[in-house]
Amino acid sequence: MCGGGYSPEIRRKYFISGPQWAAAYRGQALFWAPTREPITFEDVIREFGKIGIGYWSTHDSDVIPTDVLGTDRQAEIVAKIKRTLEEHGVKCSMVTTETFYHAVFAAGPAPEAPEVREYAAFRVRNTVDIGHELGARYAVYWPGSLGYFTQGSIDEIQTLGWYADALNAACERDIEVAKQKGRDTLKHCLEAKPFEPQAEILLPTSDAMLAFISSGRLKHPEMVGLNPEYLHELMWGGAPRAALARALLAGKLWHLDINDGYRLKHDVDIAIGLVNPLDWLNVLMLLRSNGFNGPFNLDFKPLRTTSNHGVFAVSFPNAVDRFITLWEIAAEALEDSVIREATAALKAGSGVSAGTDADAIAEANKELLTLHELIAHRLVQLLLGMHRGRTYF
């Protein structure tokens, strides 16, 4: 597009998935009317195949009308999706359940009404069926409407217990279907978001999700991990890299939504690297050094100023190419001699034995601590190509 792009063959080497909802986003929002015409899953999968995005993901109701979920018509649509994926050399990597848009979820996916909770359990079990039929390996759950508008209107502990019941239903169904089909069970991944659409969210961060998984309410906690989203962790003012480190430490980082945006703002879902490329370089260094290499799900919204043609000619290929470039720069940074020597020197310490004399220890180490700034500068050099002698006169 502007130089520095990769071929479809190179792009397919990375575990990058493109969501149906991102490509089919029409530019609408709370204050915005749509700016693009609707497109189908056939359109999206075909264009992903051309670009070299090897994996596709979807909500159940992105591709199957809500009123035909669980019916024979669903089976017909799923069969058509399978044929389309095969035709264009794309695989389904992840399925997710919409439990936030339809009016039935006005009080959330775990409300007081038992019939609504029963319907929510049907939806997640049904999504498990869809996932196995399409060959997916992951199921993601975003409980965006799990919360309240007015404090005191719900019993938070009861609501979280009911939400656990829905996840238990999904896992139980997964075990059953996986055994029938001779497949591994899915990896069930929770996705946190600090605010929107409810006024208060019960599971607002990845750390809250980790606590929920270990609460004792899940029958199969070993089947449940995390799908953090970069921007969701940034929105509340946290550091995405630190949140991912905590997930890695817990062994629960299984899936990652990649995008970009701003702290303490709403969920703008800008494409990766357009706002915080240096932060993303640091994130990818962490992931590479800890053996995480996907899935990376392109959960962004093409700008509403972009045309339908531009979504696939500009937005998606360039997002993939920025990710690949940042991923490979991260590899370069991890092997960079300046960074490695500085890091080794910090870890070695001063070598001065001062016992319990705090002042002496501080004095001996104070020059070493300047290396923190040197490391940061070196990362900027690598990102901008300054290490190769780029200067301006």
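Filtered by the rule that a residue be under 43 Å from the mean Cα position of the chain (by Cα), among the hydroxyl-bearing types (Ser, Thr, Tyr) and not in a helix (DSSP H, G or I), segment 335-359 gives a lone residue, 350. The residues of segment 239-256 that are more than 15 Å from residue 210 (Cα to Cα) and more than 14 Å from the chain's Cα centre (by Cα) amount to a single one, 239.
Is it the case that residue 289 is over 24 Å from residue 245 (Cα atoms) and among the hydroxyl-bearing types (Ser, Thr, Tyr)? Against the criterion (over 24 Å from residue 245 (Cα atoms) and among the hydroxyl-bearing types (Ser, Thr, Tyr)), residue 289 does not qualify.
Restricting to segment 147-169, and then to whatever is among the polar types (S, T, N, Q) and free of Cβ contacts under 8 Å to residues at least 24 places away in the same chain, can you tell me which residue is surrounded by the fewest Cβ atoms within 10 Å (Cβ to Cβ)? It would help to see each step written out before you state the result.
Start the filter on segment 147-169 by keeping residues that are among the polar types (S, T, N, Q), which leaves 150-151, 153, 158-159, 168.
When the remaining residues are screened for being free of Cβ contacts under 8 Å to residues at least 24 places away in the same chain, the result is 153, 158.
Details: 153: 9, 158: 11.
Among residues in segment 147-169 that are among the polar types (S, T, N, Q) and free of Cβ contacts under 8 Å to residues at least 24 places away in the same chain, the one surrounded by the fewest Cβ atoms within 10 Å (Cβ to Cβ) is 153.
Look at residue 292 and say whether it is part of a loop (DSSP other than H, G, I, E, B) and over 24 Å from residue 21 (Cα atoms). Spell out the reasoning first.
Numbers: part of a loop (DSSP other than H, G, I, E, B): yes; over 24 Å from residue 21 (Cα atoms): yes.
Here the answer is yes, as residue 292 does meet what is asked.
Criterion first (surrounded by 22 or more Cβ atoms within 10 Å (Cβ to Cβ) and under 23 Å from residue 182 (Cα atoms)) does residue 124 satisfy it? So residue 124 passes the test.
Yes or no, residue by residue, for (1) in a helix (DSSP H, G or I); (2) of a type in the set (Val, Ile, Thr); (3) out of contact with any strand residue (DSSP E or B) (no Cβ under 7 Å at 6 or more places or on another chain); (4) not assigned by TED's automatic domain parsing to the domain that holds residue 223:
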position	(1), (2), (3), (4)
164	yes, no, yes, no
167	yes, no, no, no
171	yes, no, no, no
183	no, no, yes, no
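Close Cβ contacts (under 7 Å, 6 or more residues apart or on different chains) running from residues in segment 126-144 that are in the same structural domain as residue 169 (by TED's automatic domain parsing) to residues that are small (Gly, Ala, Ser) and assigned to a strand (DSSP E or B) comprise 127/139; 128/139; 131/139; 136/93; 137/93; 138/93.
Does residue 48 qualify as being touching a Gly at 6+ places or on another chain (Cβ under 9 Å) and aromatic (Phe, Trp, Tyr)? Let's see the steps before the verdict.
Working: touching a Gly at 6+ places or on another chain (Cβ under 9 Å): yes; aromatic (Phe, Trp, Tyr): yes.
Judged against the criteria, residue 48 is a match.
Within this structure, residue 279 passes the test of being within 21 Å of residue 247 (Cα to Cα), acidic (Asp, Glu) and assigned to a helix (DSSP H, G or I).
To keep it simple, each residue is scored yes or no on (1) assigned by TED's automatic domain parsing to the domain that holds residue 257; (2) at pLDDT 95 or above; (3) touching a His at 6+ places or on another chain (Cβ under 8 Å); (4) farther than 30 Å from residue 12 by Cβ.
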position	(1), (2), (3), (4)
326	no, yes, no, no
341	no, yes, no, yes
355	no, no, no, yes
368	no, yes, no, yes
373	no, yes, no, yes
381	no, yes, yes, yes
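Working only within segment 199-217, note down all residues that are assigned to a loop (DSSP other than H, G, I, E, B) and surrounded by fewer than 19 Cβ atoms within 10 Å (Cβ to Cβ). Can you show your working first?
Going through segment 199-217, the residues assigned to a loop (DSSP other than H, G, I, E, B) turn out to be 199, 202-205, 214-217.
Answer for segment 199-217, where residues must be assigned to a loop (DSSP other than H, G, I, E, B) and surrounded by fewer than 19 Cβ atoms within 10 Å (Cβ to Cβ): 199, 214, 215, 216, 217.
Of all the criteria given as (1) among the polar types (S, T, N, Q); (2) free of Cβ contacts under 8 Å to residues at least 60 places away in the same chain; (3) over 25 Å from residue 340 (Cβ atoms), the one not satisfied by residue 307 is (2).
When you check residue 391 against the structure, is it assigned to a helix (DSSP H, G or I) and polar (S, T, N, Q), yes or no? So residue 391 does not fit the description; no.
Taking into account only those residues within segment 210-238 that are among the hydrophobic types (A, V, I, L, M, F, W, C) and within 20 Å of residue 172 (Cβ to Cβ), which is farthest from the chain's Cα centre (by Cα)? This residue is 218. Considering segment 21-74, and only residues there that are of a type in the set (Phe, Trp, Tyr) and not in a helix (DSSP H, G or I), the residue that is nearest to residue 100 (Cα to Cα) turns out to be 25.
The values are calculated or read from the model by the stated rules, or taken from the named source; none is laboratory data. Everything quoted here is computed from the prediction, not taken from an experiment. Because the Cβ atoms are built from the backbone with ideal geometry, glycine has one as well, and the counts that use them run over all protein chains shown.
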